[in-house]
Amino acid sequence: LPAKFDWRDKAVVAPVQNQQACGSCWAFSAVGAMQSVHAIGGSQLEQLSVQQVLDCSFKNGGCNGGSPSSALNWLKQTRVKLVPQSEYTYKARTGICHFFSQSHDGVAVKNFTANDFGGQEEAMMGQLVERGPLAVVVDAVSWQDYLGGIIQHHCSSQWSNHAVLLVGYDTTGDIPYWIVQNSWGTTWGNEGYVYIKIGDNVCGIADSVAAVFL
Amino acid sequence: EVSSEEFKRRHLYFQDATKRHEFLNSFSTAPRAAKYGINQFSDLSQKEFRDLYLRASADRAPLFSGLKTEG
């Protein structure tokens with residue numbers, strides 16, 4: 001495994017977005033993984049519609065919450081093709097699902113895996129390098145006050161409450177850390193990113209890690 | 001009247017936030033350790049913040065077995 005790895009260096013990670021006052025992080029996390037894996041596969045990096053997942057993934061609760069793996073499961077079962085964000089823009093509120101014909105262009109999920117990497121964060125590094133950015137859930141209670149730097153303490157893995165996109169890691173310094181894209185805009189954290197110490201399952205980052213196959 | 005009530009409430013949340021920052025920053029002084037402080041969420045109560053932004057859940061995921069599975 002390389003000592004540091006960052007999918008942003010390969011221009012396959014879309015810009016940081018802002019979920020605004022809507023509990024849609026789960027949709028941003030799942031769609032973020034899809035659009036990156038789509039770009040890794042050779043397509044042009046294109047932002048896909050988060051609103052389509054928010055409105056149509058009936059097993060989730062729209063702005064009231066959901067889970068990335070449940071969204072990926074819905075996409076896998078229904079073979080729904082995600083359209084570009086430009087065709088179905090983000091509104092920060094749950095709306096009526098827009099349906100598109102099967103002939104309409106879009107990106108479908110062929111399969112996905114969701115695993116607990118607790119105690120196996122080195123294997124998780126390998127999964128990231130091999131599969132592309134990963135949709136993960138964390139305990140982000142202390143992120144309300146986060147300004148930057150590497151989170152090492154006081155970020156329990158008591159309960160998962162937020163979903164984000166794991167895009168890289170860096171083990172070259174004193175404290176090895178994950179590089180995580182959040183969906184709270186670029187004014188939060190490190191221009192929208194948060195760094196989390198690797199090892200000890202800080203913030204519960206290894207509890208539920210989803211990789212996408214398109 | 002309402003706005004001064006609201007102002008008082010937000011000011012209280014802000015004060016709570018600064019106490020949290022002091023606690024969280026006390027954990028580590030390592031150069032690259034996380035820093036906590038005033039940001040766009042500082043005048044939200046912890047409950048408001050949780051209700052607005054922490055709405056994800058995680059389905060129980062099987063332990064990674066190291067096998068190369070396709071899901």
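Taking A:Lys197 as the anchor, which aspartates and glutamates have their alpha carbon closer than 12 Å to its alpha carbon, excluding any fewer than eight residues away along the same chain?
The qualifying aspartates and glutamates are A:Glu121, A:Asp170, A:Asp174.
Under 20 Å between alpha carbons, and skipping anything fewer than 8 positions from B:Lys8 in its own chain: which lysines qualify?
B:Lys19, B:Lys47
Between Rg and the Kirkwood Rh of chain B, both from Cα atoms, what is the Rg to Rh ratio?
Working: Rg = 19.2 Å, Rh = 15.8 Å.
Value, to two decimals: 1.22.
Per residue of segment A:137-150, in order, report the coupling 6.51 cos²θ - 1.76 cosθ + 1.60 (Karplus, θ = phi - 60°) as ³J(HN,Hα) in whole Hz, putting x for Gly and Pro.
10, 9, 9, 10, 4, 7, 6, 4, 10, 5, 10, x, x, 9
Quick one: which residues, 5 or more positions from A:Leu82 or on another chain, have an amide H under 5 Å from its amide H? H modelled 1.01 Å from N in the peptide plane, none for Pro or chain starts.
A:Val107, A:Ala108
Check cross-link reach from A:Lys76 to the lysines: straight Cα distance under 16 Å, and skip same-chain residues fewer than eight apart.
The reachable lysines, counting only those whose Cα sits under 16 Å from A:Lys76, are A:Lys59, A:Lys110.
From largest to smallest, what semi-axes in whole angstrom does segment A:111-206 give when each is the square root of 5 times an eigenvalue of its alpha carbon gyration tensor? Present the calculation step by step, with values, prior to reporting the outcome.
Values: eigenvalues 71, 42, 40 Å².
For segment A:111-206, the semi-axes come out at 19, 15, 14 Å.
Pairing the Cα long axis of helix A:121-131 with the longest principal axis of chain A, what angle in degrees results, from 0 to 90 and rounded to the nearest 10?
40 degrees
Averaging the inverse of every distinct alpha carbon separation and then flipping it gives the Kirkwood radius. What is it for segment A:37-113, in angstrom units? Before the final figure, lay out each step's value.
Values: mean 1/r = 0.0776 Å⁻¹.
That comes to 12.9 Å for segment A:37-113.
What is the Cα coordinate range of segment A:31-189 on the first, second and third principal axes, sorted by size from largest, in whole angstrom?
52, 32, 27
Per DSSP H run of at least 4 residues, take -39500 (n - 2.57); add these up for the protein assembly as shown, divide by its residues and hand me the 222 nm value, nearest 500 deg cm²/dmol.
Details: 6 runs with 77 residues, N = 285.
Per the formula, -8500 deg cm²/dmol.
How do B:Phe14, A:Phe117 line up, fewest other C-beta atoms within 10 Å first? All intermediate terms of the calculation are to be shown ahead of the outcome.
On the way: B:Phe14 13, A:Phe117 23.
By the 10 Å Cβ count, ascending, the order reads B:Phe14, A:Phe117.
Report Rg(Cα)/(2.2 N^0.38 Å) for the protein assembly as shown, keeping two decimals. Walk me through the intermediate numbers first.
Values: Rg = 18.6 Å, N = 285, 2.2 N^0.38 = 18.8 Å.
Compactness ratio reported: 0.99.
Could you give each residue of segment B:17-32 its phi-based ³J(HN,Hα) in whole Hz, using Karplus coefficients 6.51, -1.76, 1.60 with θ = phi - 60°, and x for Gly or Pro?
4, 5, 5, 4, 4, 4, 5, 5, 6, 7, 6, 8, 10, 4, x, 9
Between exposed trypsin sites (Lys or Arg not before Pro) in chain A, where DSSP calls loop and at most 15 other Cβ atoms lie within 10 Å, what's the longest gap? The partial results should precede the final answer.
Working: sites that count: A:Lys59, A:Arg79, A:Lys91, A:Arg93, A:Lys110.
Result, exposed sites excluded: A:111-214.
Percent antiparallel among DSSP beta bridges with both residues in chain A, to the nearest 5? It would help to have the intermediate numbers written out before the result.
Details: 29 of 31 bridges.
Roughly 95 percent of the DSSP beta bridges within chain A come out antiparallel.
Values in this text are rule-based calculations from the coordinates and carry no lab data. Bear in mind the structure is a predicted one, so any value in this text is a computation, not a measurement. Glycine also receives a Cβ, built like all others from the backbone with ideal geometry; neighbour counts cover every protein chain displayed.
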